[in-house]
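Q: Starting off with a structure, shown below.
The values are calculated or read from the model by the stated rules, or taken from the named source; none is laboratory data. Everything numeric here is computed off the predicted structure, so don't read it as measured data. Note that each Cβ is placed from the backbone with ideal geometry, even for glycine, and that neighbours are counted across all protein chains shown. Heads up: the accessible areas ignore ligands, DNA and RNA and are worked out on the full protein's heavy atoms, side chains in. Shrake-Rupley method; radii C 1.70, N 1.55, O 1.52, S 1.80 Å.
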Amino acid sequence: MCGIVGAIAERNVTPILLEGLRRLEYRGYDSAGIAVLDNDNCINRVRRVGKVKELADALEQTEVTGKLGVAHTRWATHGEPSEKNAHPHVCNKSVVIVHNGIIENHSELREQQNKNGFSFTSETDTEVAAHQIEYYLKQEGDLLSAVRLATADFEGAYALGVMSNGESDRLIASRRGSPLVIGVGIGEYFIASDAAALLPVTRRFIYLEEGDIADIRTASLVIYNADGEVVNREIKESALSADATSKGEFRHYMLKEVFEQPSVLVDILEGRVINGKLSDTAFGVGAEKILDQVKAVQIIACGTSYHAGLVARYWLEAIAGVPCRVEVASEYRYRKTVLMDDTLVVTISQSGETADTLAALRAIKEITNLTLSVCNVPESSLVRESELKLMTRAGPEIGVASTKAFTTQLVALLMLVVALGKRRQLSEDSERSLFQQAQGLPALITRVLQNKDTIDEWAETFTDLENAIFIGRGTLFPIALEGALKLKEISYIHADAYPAGELKHGPIALIDQDMPTIAIASMDGFEGKIKSNIREILARGGEVYLFADERLDVTDLGENCHVMKIPAVEAELAPILFAVPLQLFSYFVAVRKGTDVDQPRNLAKSVTVE
């Protein structure tokens, strides 16, 4: 969850670290801190509760300069948000550490360290890691050896940046279970949880692999793998510019990312669909052989990605004729499961570092190599560890509430549906028709975005409300779930979603004048059913806000059913299009309520810990 950044250079690294934190703040914003080794080998540390701005304001009041430093923005796991729990942590004025992840055996290590005379100033598991490294540093006299020995004692996940005032030209980086990247400059190196943090200073990156430890100096970089062997990791040139992670003319990242959806949906299909036909090469080397084997699909994901998987289940069974199961990763990994022969296991994650999804994949790989990841980050752990991979090409998504990552996941999954379907029951004409519709989505989404003012007016009604219900049928039921999640995430309104046909089985008891219903309806054969459900709500004094396909006749629903027409779209593609107005709706409700849209309380973008 947390974001770490570090730098070693022949120039003052403080501005680089601070800018890196600003770009990593989506990973956590409970507190932030920085520690720099000055020219006298003294550790200067500043920490503040709250967002990076609080730290930046504090740095303006004091001189913190140096050529070696680390910084951190925190999402609290152990210990409340407070200055004493903020990173970096320092042990005996010698070892400085920043950490993303959880040291699961911290209690046992803390007990041992208490016996060895270490004192604690925080409630965090990270301070235990700092003590363990310092313990070995006293024995070994070498920071790399100390980190190697200490990490062998750790159970759990971590990405670490470590420095010591005893070795002023050395930065140690290590990762297991949490992402870490090294930025390569000219006579300088940087580390970060995300390459986007380092785009202002470099576009050349090395992505550390599981168990790697990097020994970084201004003039050299040596990387050791989990077995302690020196390895060469490829330097990759990023196509992203520093401006790719700026808000531009938009008030919030989320709004910018909603409006980027027409262009990213063009990108995901580019070069993969030619003359209406999908190429198996979109899924990676050896895809044809693997896809030929598939008789069933198991989808594993969390949060918004799970909702994308639910849509894919409808598609896989209806379009491709392939049985499909979908499960939340945190449940799948901890229960005894039965995987049918020739089942393709599809893991979905925006970041590719989602802890539960990654753990589930690793367990499954012991059973089968029929694995596919749908992901937005090419260098992520999930992508590297999957046999096949399908990149969503959404570009950087900074807002915590996922928008363009979700719709590109849906298009990616549609491509998988076609790839499997054409091996069974999907004709070439149907394949061309689906992709023709998909290529028309950017124009339809642009039309939806032009209605943002009307959606904003609807949002005003919700400013003082505390609850809401979302309903949909068929493939739009998962979109109702996603709409409810978005509203909860950024406006803090309690919202639940139900299949419209389930209303009479309990939820309709909640309906009154203070419980509005957001309904979505396409021309999918269920439109008559959902209109009946809406009438049941209206008959009980409820108020309905309906996003409806423009072909749907709503003249008989009455004045308490507010209707917004959505451009006509075929039923198969409706989930992608209908997701967009729900994103805008939640955005405008949050703006009117005055919440922090891009960084909602208690949440972070990448869930890299359990």
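Q: Tell me, what is the per residue accessible area of the chain in Å², probe radius 1.4 Å?
A: About 38 Å² of surface per residue is accessible.
Q: Taking all protein chains in place and a 1.4 Å probe, what share, in percent, of the accessible surface of region 496-566 do carbon and sulfur account for?
A: On the way: 1530 of 3230 Å².
That share works out to 47 percent.
Q: With the cut-off at 1.5 for a/c, could you classify region 207-270 from its C-alpha gyration tensor as rounded, prolate or oblate?
A: Here region 207-270 falls in the prolate category.
Q: For helix 303-315, report the angle its Cα long axis makes with the longest principal axis of the Cα atoms of the chain; keep it between 0 and 90° and round to the nearest 10°.
A: 40
Q: Would you pull out the residues with amide H under 5 Å of CYS2's amide H, same chain only if 5 or more places away, H placed 1.01 Å from N?
A: Counting only residues 5 or more places away or on other chains, the set is TRP75, GLY101.
Q: Right, something else. Averaging sequence separations of C-alpha pairs under 8 Å and six or more residues apart, then dividing by the length of region 174-217, give the relative contact order as a whole percent.
A: Dividing the mean separation by the residue count of region 174-217 yields 47 percent.
Q: Taking the highest mean first, how do the peptides 400-412, 80-92 order by number of other beta carbon atoms within 10 angstrom per residue? Kindly include the intermediate steps, with their values, before the conclusion.
A: Values: 400-412: 27.8, 80-92: 20.1.
Descending packing order for the listed peptides: 400-412, 80-92.
Q: Further question on the same structure: Specify the inter-centroid distance of region 267-331 and region 130-201, based on alpha-carbon positions, in whole Å.
A: Their Cα centres are 37 Å away from one another.
Q: Consider the candidate values (1) 25.4, 81; (2) 25.1, 86; (3) 23.9, 86; state which one is Rg and Dmax of the Cα atoms in Å computed from the structure displayed.
A: So the structure-derived entry is (1).
Q: At a 1.4 Å probe, what is the % contribution of carbon and sulfur to the accessible area of region 129-273?
A: Numbers: 2510 of 5650 Å².
Carbon with sulfur: 44 percent of the solvent-accessible area.
Q: Taking the chain as the reference, fit the longest principal axis to its C-alpha atoms, fit the long axis of helix 404-421 to the helix C-alpha atoms, and give the angle between the two in degrees, 0 to 90, nearest 10.
A: Tilt relative to the chain: about 70 degrees.
Q: Then there is this: Can you tell me what percent of all Cα-Cα pairs in region 295-427 are more than 21 Å apart?
A: For region 295-427, the fraction of Cα-Cα distances above 21 Å is 33 percent.
Q: Continuing with this model, one more query. Determine the order of LYS256, LYS365 by accessible area, beginning with the largest, at a probe radius of 1.4 Å.
A: The ordering from most to least exposed comes out as LYS365, LYS256.
Q: Tell me the relative contact order for region 190-328 as a rounded percent, counting alpha carbon contacts under 8 Å between residues six or more apart.
A: It rounds to 14 percent for region 190-328.
Q: Quick one: of the DSSP bridges fully inside the chain, what percent are antiparallel, nearest 5?
A: Around 60 percent of the beta bridges assigned by DSSP in the chain are antiparallel ones.
Q: Using modelled amide H (1.01 Å from N, peptide plane; none on Pro or chain starts), what sits under 5 Å from the amide H of ASN92, excluding residues fewer than 5 places away?
A: none
Q: May I pose another question? Compute the relative contact order of region 433-529 as a whole-number percentage, counting only Cα pairs closer than 8 Å that sit 6 or more residues apart in sequence.
A: 30
Q: May I pose another question? Helix 527-539 versus the longest principal axis of the chain: what is the Cα-based angle in degrees, 0 to 90, to the nearest 10?
A: 90
Q: Same structure, new question: Filter LYS51/LYS256; LYS336/LYS422; LYS295/LYS531; LYS422/LYS504 down to the pairs with a C-alpha to C-alpha distance above 30 Å, please.
A: Flagged as over cut-off: LYS336/LYS422; LYS295/LYS531; LYS422/LYS504.
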